[in-house]
Amino acid sequence: MPIARRSVEIRVPPARLMDVICDFGAYTRFVPDMIESTVLRAADREWTVKFALSFIRRVEYTLLLRREGDLRLTWSLVEGHFKSNTGSWELEPLDGGAATRATYTLDLDLGMFVPGSVLKTLLEHNLPAMLEAFRVRAEAA
């Protein structure tokens, strides 16, 4: 899959959005298709989290996530159904810190052939829907 990068403007300060992003255990309550999000290990600004998505079939994977400062979160694959899964959230304060531009980047190698229609759905529907879910969750709090 080519690197996917999308941005969204959210009407909350970056710290509030980062709190929502780092609340991994809550993902099943608001992220579309997320059926499991279990924090296996938490340390200072570093987490190992097991996720499962329902997308065509159940897809399980474990990520190592690292918070780098107040405006960036990165991750890499520990194990799972993918060959590789790396990415980041990058937050940029807007309007004097009252709002945030959040940029989500994903570099995913599924390790198998995936029809173009499935990749198109991931990039044009699922990724924007996920970003919208984070926007709604952050702005509702």
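Only helices enter this figure: runs of n ≥ 4 DSSP H residues, each worth -39500 (n - 2.57), summed and divided by the residues of the chain, yield -6000 deg cm²/dmol at 222 nm to the nearest 500. With the whole protein complex present, R41 retains an accessible surface near 100 Å², based on a 1.4 Å probe. Using the Karplus equation 6.51 cos²θ - 1.76 cosθ + 1.60 (θ = phi - 60°), what ³J(HN,Hα) coupling, rounded to whole Hz, does each residue of the stretch 56-69 give in order, writing x for Gly and Pro? Here the 3J(HN,Hα) series is 6, 8, 5, 10, 10, 7, 10, 10, 9, 10, 10, 8, 10, x Hz. Per-residue accessible area (protein heavy atoms, 1.4 Å probe) orders M34, M18 as M34, M18, starting from the largest. Rolling a 1.4 angstrom probe over the protein heavy atoms with all chains in place gives the chain an accessible area of 52 Å² per residue. Taking the three principal axes of the alpha carbon atoms in the chain, the coordinate ranges are 45, 33, 24 Å, sorted in descending order. Taking amide hydrogens as placed 1.01 Å from N in the peptide plane, the amide H of L40 sits under 5 Å from those of T48, V49, K50, each at least 5 positions away in sequence or on another chain.
Within the accessible area of the chain, the carbon and sulfur atoms contribute 51%, probe 1.4 Å, all protein chains present. Backbone amide hydrogens, once placed in the peptide plane, bring I35 within less than 5 Å of A52, L53, S54, excluding anything fewer than 5 places away on its chain. Taken one residue at a time, the phi angles of the stretch 87-103 give Karplus couplings (6.51, -1.76, 1.60, θ = phi - 60°) of x, 7, 10, 10, 10, 10, x, 10, 6, x, x, 7, 9, 9, 9, 9, 10 Hz. Gly and Pro are set to x. Applying the Karplus relation 6.51 cos²θ - 1.76 cosθ + 1.60 with θ = phi - 60° to the stretch 22-39 yields 3J(HN,Hα) values of 8, 8, 4, x, 8, 4, 5, 7, 9, 8, x, 6, 7, 10, 8, 8, 10, 6 Hz, where x marks Gly and Pro.
The values are calculated or read from the model by the stated rules, or taken from the named source; none is laboratory data. Computed from a predicted model, the values in this text were never measured in an experiment. We work out accessible area using only protein heavy atoms, side chains counted, and drop any ligands, DNA or RNA first. Shrake-Rupley method; radii C 1.70, N 1.55, O 1.52, S 1.80 Å.
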